[in-house]
Amino acid sequence: MKIQTSQSAVSPPPPRLENPLALSLRAAALKFPGKTAIVSEEERISYRALDGEARRLAQRLIAAGVAPGDRVALHMLNGIDLVVSYLGCFYAGAVAVPINTRFKAPEIAYVLGHSGTSLYLGQPELLSEVASVNSDEHCVRTFIFDVRGFASDSEASNRPLPDVDADEPAIIVYTSGTTARPKGVTHSHRTALRVARGCGVGSDGVVAIATPMAHMAGLSMLLASLDAGATDVISARFDADRVLDDIASHGCTELMAMPVMFQQLCAAQLESPRDVSSLRRCAAGGDNVAPALKATFAQAFGCPLYEIYGSTELGIIAANWSAAAGLRGSCGSAVPDVEIAISDATRDVRGVSGECIVKSPGMMIGYWRDPDATAEVVKDGWFHTGDLIRQDPSGYLWFEGRRKEIIIRGGSNIAPQEVEAALYEHPGVLEAGVVGAPDRAWGERVVAFVSRTPGSGVQADELISFVGGRLSAYKTPEQIVFLETLPKSPAGKVQRRALRQMLACAELERP
């Protein structure tokens, strides 16, 4: 294996800490006791009150029989209840297992059973889905649907809180990938805090959290804010108009979201402008950021949309904070303390290309109860991302697709993201997903799934011609499939795997 390395300044190993996630909150509560920590809907809570509620919940969990290392499921919409639940688990030494609120009963049952969860914390509005979960598939002994009421039991208030080793598991985040079942990405207290600190939030920040905190993006921004003593403005569910109103009302300075969310935010802001001048750092990650989206965002918000590159297993790997036109489309360079290498590298005049592999102090400690899957991606201390990356002579990275998503037509490689970026330049395209379909002559052909912007009547031949004027003929879609909305993962990313399955079913149904 040939490796071309790129490394930012790597810090010496940190000193050993006991329960750093809990200590982080405690330090912020002592430094900023009366400062607003969380704003959610119509409710606010200070750092002092948040720390008190988290400690009370931890004591109540211990009284209910939760021991350090036990898994506790958190099945809640974004809000103060979910924040208190995470922090209560950290104080108690329990392992938080967030469950996405879009999951259906079989998915919930799998997470509960695979993680070995013993206690469930949820909300009444999610009761109907949980009630359908087969009790034979899990070992949960207690279900709680009123977290703060449960925590208010005064009899538990005198129970001591445990010391928890920094390298013990703190969070298991279930993430879908190329396998049939989601994998449980496990972070320790230490790695989770390192991921959070990689977000670069300062104490003067007012962070808008629009992504689900059941996923690492939203959770890491929450932890970064609490560690810094910043203020979080949290949306229960993503709604573009509500997020814009919150930014204007609370003077939010930072926003990190998925590209598809920024598409909706741009459309809502252009239709009904708000005062978003307080924003000073907006970053898109989790999927390819089309140049057309960056241009639309600059028009709608009057500031640049930056691109970051990361994963649930590693946190932020690289970031592009440059506004230079020549670097648009790059996902930037390695963030501090992260080392990037290019495996099986090939060279040309544009730089070095190959699979991106990473060393990071924020790397997960493994996939829960899946040593084989862990060994597949972590080799000699390097995490193999499966992402194809080009590194230019200046050290900037350019995403070239997932190994398993590359379309091969007549021996030529086609990155779906490049075709999607061309489609997004058309004003009639709201969402786009590109996949390969089997073709007897060429091996694969390019198929694009598109949802139209409201009021658009764009047709397939128009889009094919539009892309054909921007990309080589072999990259141009031969088929456009229009959908009302594209299938997305629980994190909000367009699911190309689901699109391929839809295409396969359609092919089977043809006479």
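The values are calculated or read from the model by the stated rules, or taken from the named source; none is laboratory data. Not measured: the values here are computed from a predicted model. Glycine gets a Cβ as well: all are built from the backbone with ideal geometry, and neighbour counts include every protein chain shown.
Are any of the residues in the range 143-152 touching a residue at least 12 places away in the same chain (Cβ under 8 Å), of a type in the set (D, E) and surrounded by 16 or more Cβ atoms within 10 Å (Cβ to Cβ)?
No.
Of the residues that make up the range 319-330, is at least one in a strand (DSSP E or B) and of a type outside the set (F, W, Y)?
yes
Would you mind telling me which numbered condition in (1) within 27 Å of the chain's Cα centre (by Cα); (2) part of a helix (DSSP H, G or I); (3) surrounded by 15 or more Cβ atoms within 10 Å (Cβ to Cβ) K404 fails?
Failed condition: (3).
Would a scan of the range 268-279 turn up a residue that is part of a loop (DSSP other than H, G, I, E, B), under 18 Å from Q417 (Cβ atoms), more than 17 Å from the chain's Cα centre (by Cα) and assigned by TED's automatic domain parsing to the domain that holds A217?
Checked the range 268-279: no residue is part of a loop (DSSP other than H, G, I, E, B), under 18 Å from Q417 (Cβ atoms), more than 17 Å from the chain's Cα centre (by Cα) and assigned by TED's automatic domain parsing to the domain that holds A217.
Report, by residue number, each residue of the range 406-437 that is farther than 20 Å from Q263 by Cβ and at pLDDT below 85.
Filtering the range 406-437 for residues farther than 20 Å from Q263 by Cβ gives 406-414, 436-437.
Within the range 406-437, I406, I408, R409, G410, G411, S412, N413, I414 qualify.
Select from the range 201-224 the residues that are small (G, A, S) and in contact (Cβ under 8 Å) with a residue 60 or more places away in the chain and list them in ascending order. If you could, list the steps in order and put the result at the bottom.
The initial filter retains those residues of the range 201-224 that are small (G, A, S), namely 202-203, 205, 208, 210, 214, 217-218, 220, 224.
Listed by number, the residues that qualify are S203, A214, A217, G218, S220.
Failed condition for L265, given (1) closer than 19 Å to I80 by Cα; (2) surrounded by 24 or more Cβ atoms within 10 Å (Cβ to Cβ), with all others met?
Status for L265: all satisfied but (1).
Going through the range 215-240 one residue at a time, which ones are surrounded by 24 or more Cβ atoms within 10 Å (Cβ to Cβ), at pLDDT below 95 and not in a helix (DSSP H, G or I)?
None - no residue of the range 215-240 is surrounded by 24 or more Cβ atoms within 10 Å (Cβ to Cβ), at pLDDT below 95 and not in a helix (DSSP H, G or I), so the list stays empty.
If you take the residues of the range 97-135 that are in a loop (DSSP other than H, G, I, E, B) and surrounded by 18 or more Cβ atoms within 10 Å (Cβ to Cβ), which of them is nearest to the chain's Cα centre (by Cα)?
N100
For the range 168-177, indicate whether the set of residues that are of a type outside the set (A, V, I, L, M), within 24 Å of R26 (Cβ to Cβ) and in a loop (DSSP other than H, G, I, E, B) is non-empty.
First, the residues of the range 168-177 that are of a type outside the set (A, V, I, L, M): 168-169, 174-177.
Still in the running and within 24 Å of R26 (Cβ to Cβ): 168-169.
The next check asks that each one be in a loop (DSSP other than H, G, I, E, B); those that pass are 168.
Yes, the range 168-177 contains a residue that is of a type outside the set (A, V, I, L, M), within 24 Å of R26 (Cβ to Cβ) and in a loop (DSSP other than H, G, I, E, B).
Out of (1) aliphatic (A, V, I, L, M); (2) within 26 Å of the chain's Cα centre (by Cα); (3) crowded, with 18+ Cβ neighbours inside 10 Å, the odd one out for V447 is which?
Condition not satisfied by V447: (2).
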